[in-house]
1. Can you tell which of A:SER137, A:THR86, A:VAL154 lies farthest toward the positive end of the dipole of segment A:68-209, using +1 and -1 charges on the Cβ of basic and acidic side chains (Lys, Arg; Asp, Glu)?
2. Any idea what angle helix A:2-12 forms with the longest principal axis of chain A, computed on alpha-carbon atoms, 0 to 90 degrees, nearest 10?
3. Which value, in debye to the nearest 20, describes the size of the charge dipole of the protein assembly as shown about its Cα centre when Lys and Arg Cβ atoms bear +1, Asp and Glu Cβ atoms bear -1, and nothing else is charged?
4. For the residue pair B:LEU108 and A:VAL162, what label-to-label distance in nm results when each label sits 7 Å from Cα along the Cα-to-beta-carbon direction?
5. Provide the per-residue ³J(HN,Hα) series for segment A:84-97, in order, calculated from phi with Karplus coefficients 6.51, -1.76, 1.60 and θ = phi - 60°, each as a whole number of Hz, with x at glycine and proline positions.
6. Can you show me the helix-derived [θ] at 222 nm for chain A, built from DSSP H runs with n ≥ 4 at -39,500 (n - 2.57) apiece and divided by the number of residues, rounded to the nearest 500.
7. If Lys and Arg each add +1 and Asp and Glu each add -1, what is the summed charge of the other residues whose beta carbon sits under 14 Å from the beta carbon of B:HIS67?
8. If I ignore ligands, DNA and RNA and count only protein heavy atoms, how much of B:ILE96 is accessible to a 1.4 Å probe, in Å² to the nearest 10?
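The values are calculated or read from the model by the stated rules, or taken from the named source; none is laboratory data. Values in this document were obtained by computation on a predicted structure and should not be read as measured data. Here the Cβ is made from the backbone with ideal geometry for all residues, glycine too, and neighbour counts use every protein chain on show. Accessible surface is based on the protein model in full, side chains and every heavy atom, while ligands, DNA and RNA are left aside. Shrake-Rupley method; radii C 1.70, N 1.55, O 1.52, S 1.80 Å.
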Amino acid sequence: MSDNTMTANTQKAPLEFLVKGDHHPQNGTLLGFWIYLMSDCLIFACLFATYGVLGRSYAGGPTGMELFDLNLIAISTSLLLVSSITYGFAMLQMQANKVKGTMFWLAVTGLLGAGFLGLEVYEFHHLIHAGAGPQTSGFWTAFFALVGTHGLHVFFGIVWLVTLLFQLKKHGLIPANKRRVFCLSMFWHFLDVVWIGVFTFVYLMGVLP
Amino acid sequence: MSEHTHDHDHHEAEGPHVSLKEYVTGFVLAVFLTVIPFWVVMGNVFESSTTTAIVILAFALVQIIVHMVYFLHMNFHSEGGWNMLALIFTLILVFITLAGSLWVMHNLNVNMMPGMMN
């Protein structure tokens, strides 16, 4: 019934739209995912701020300088860095519409991520056995909160990646899967950016006298 | 690695067009920007801790920008510029959070901790 009134109105004057051009993005998923990442960035900013404030509150316990193993961190950093370019290879394979190649490079990325996570678990285990658990001092609480949250993100990134491998195997490179691969690439590269902050601010600056 | 062909002119897929050159450039830069700070710290290149801290923080900043540009494909026109706008807004909030926390808590420590009065 409103259609009648609409047609009556259009006869009098043409419809005026506020926005004349096509200014909005075609599909909001990538932008929405980017905004999620930005909110995640704020979580990490809060954790970095906590670590910055508590960075010297050892409460008489062990310090980072005594316990951090930079060789281990160098290895895990390189694993994450290489996983960034292997994800790039997966993106290129996807762009060339090669589903096998996409899955292969995604799997390599996942294995590198799992290696990173394995080293982190080993490091945490080692630290806790050396008497530096999360309850030891404000410093170690802030350390485990920050590095642990990053590790948890990597873990869920791997869960997502494995899920995506099954979806790619079942449905191939349909538009929905391409979008998922693209969103995961943003997530994965974002985690690498956060890790730059972690290895610089926590580990490298943590061992300075 | 398979060679990347440019004969496809599909634009139905979302997201920017990526290229091998972009990823390789980003990766090579990132390797240098990672190795140098580790070398500076592990090799005790500078005597002063402050100098080392400033140098490695500068390298981290540059590396974050490299990752943003080459891996996350940030620019001023993706998604109609909203990506960049959201990023700038977030960076302002991150700066306020970090600088504010450190500044306020430093002043609290200096002014209110007994025995730390100078």
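1. Most positive-ward Cα: A:THR86.
2. 70 degrees
3. Approximately 360 debye in magnitude.
4. Label at B:LEU108, label at A:VAL162, 4.1 nm between them.
5. Rounded to whole hertz, the list is 5, 6, 5, 5, x, 4, 4, 5, 5, 5, 5, 5, 8, 6.
6. Taken over chain A, the calculation gives -26000 deg cm²/dmol.
7. In short, -2.
8. Only protein atoms counted, so the area is about 100 Å².
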